[in-house]
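S.K.: There's a structure below that I have some questions on.
The values are calculated or read from the model by the stated rules, or taken from the named source; none is laboratory data. Note that this is a predicted model, so its numbers are computed, not measured. Note: ideal-geometry Cβ built from the backbone for every residue, glycine included; neighbour counts use all protein chains shown.
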Amino acid sequence: MTTSAGQVHPHDVGLPEALIRKRRRFRRIGYLMLLIAACTALPGWFLYGVSIWGAFTVSQVTLPQAIIAYSLLIVSSITLVLGLWYLLLAQVRRLARVVEGAGEQTGRPPRLCANCGWSFDEPDRFCRHCGRPLVKSPSG
């Protein structure tokens, strides 16, 4: 399945189809999480403010109202962090692909880990994928 040039995000131009789909999914999930965070933060902060104001005016604040306020704020905080995390993952995947692409342009074949087969850079002493020590060949 190929995408037309109009559907590809400008940051995704030149990336493989699988990576573009994964980045789209991460961006979509990230934006959804941020939307949920905003939608739960607004009533959560409102109810929290009402409960604080009720404490200042020494009026009766119901226990369910306080529980709803705190749970909305907790959900908002969790989804805010997760949404930002997914957006960060989408950006990191793009940067990783750009770095891999820069390594492929040197003209030399990529060096591969003997254990898992992932490529690694010259100064690396351990594989970034499996964590095992890299065995460097005497020629390179």
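S.K.: Does at least one position in the range 47-57 carry a residue that is of a type in the set (Phe, Trp, Tyr), over 16 Å from Arg93 (Cβ atoms), at pLDDT 70 or above and surrounded by fewer than 15 Cβ atoms within 10 Å (Cβ to Cβ)?
M.R.: yes
S.K.: Of (1) modelled with pLDDT of 85 or more; (2) closer than 27 Å to Gln7 by Cβ, Arg23 satisfies all except one. Which?
M.R.: Here Arg23 clears every test but (1).
S.K.: Now a separate question. Restricting attention to the range 100-133, which residues are at pLDDT below 65 and surrounded by 10 or more Cβ atoms within 10 Å (Cβ to Cβ)?
M.R.: Hits for the range 100-133 are Glu100, Gly101, Gly103, Glu104.
S.K.: For residues that are free of Cβ contacts under 8 Å to residues at least 24 places away in the same chain and in contact with a Phe, Trp or Tyr (Cβ under 9 Å, 6 or more places away or on another chain), tally how many sit in the range 111-128.
M.R.: Matching residues across the range 111-128 total 6.
S.K.: Also, I was wondering about something else. If the Cβ limit is 7 Å and pairs must be 6+ apart or interchain, which residue in the range 16-39 that is free of Cβ contacts under 8 Å to residues at least 40 places away in the same chain and in the same structural domain as Trp85 (by TED's automatic domain parsing) pairs with which residue that is of a type outside the set (S, T, N, Q) and surrounded by 13 or more Cβ atoms within 10 Å (Cβ to Cβ)?
M.R.: Final answer for the pair search is Ile20/Val8; Ile20/Asp12.
S.K.: Mind listing whichever residues of the range 10-20 are surrounded by 14 or more Cβ atoms within 10 Å (Cβ to Cβ) and charged (D, E, K, R)?
M.R.: Result: Asp12, single match.
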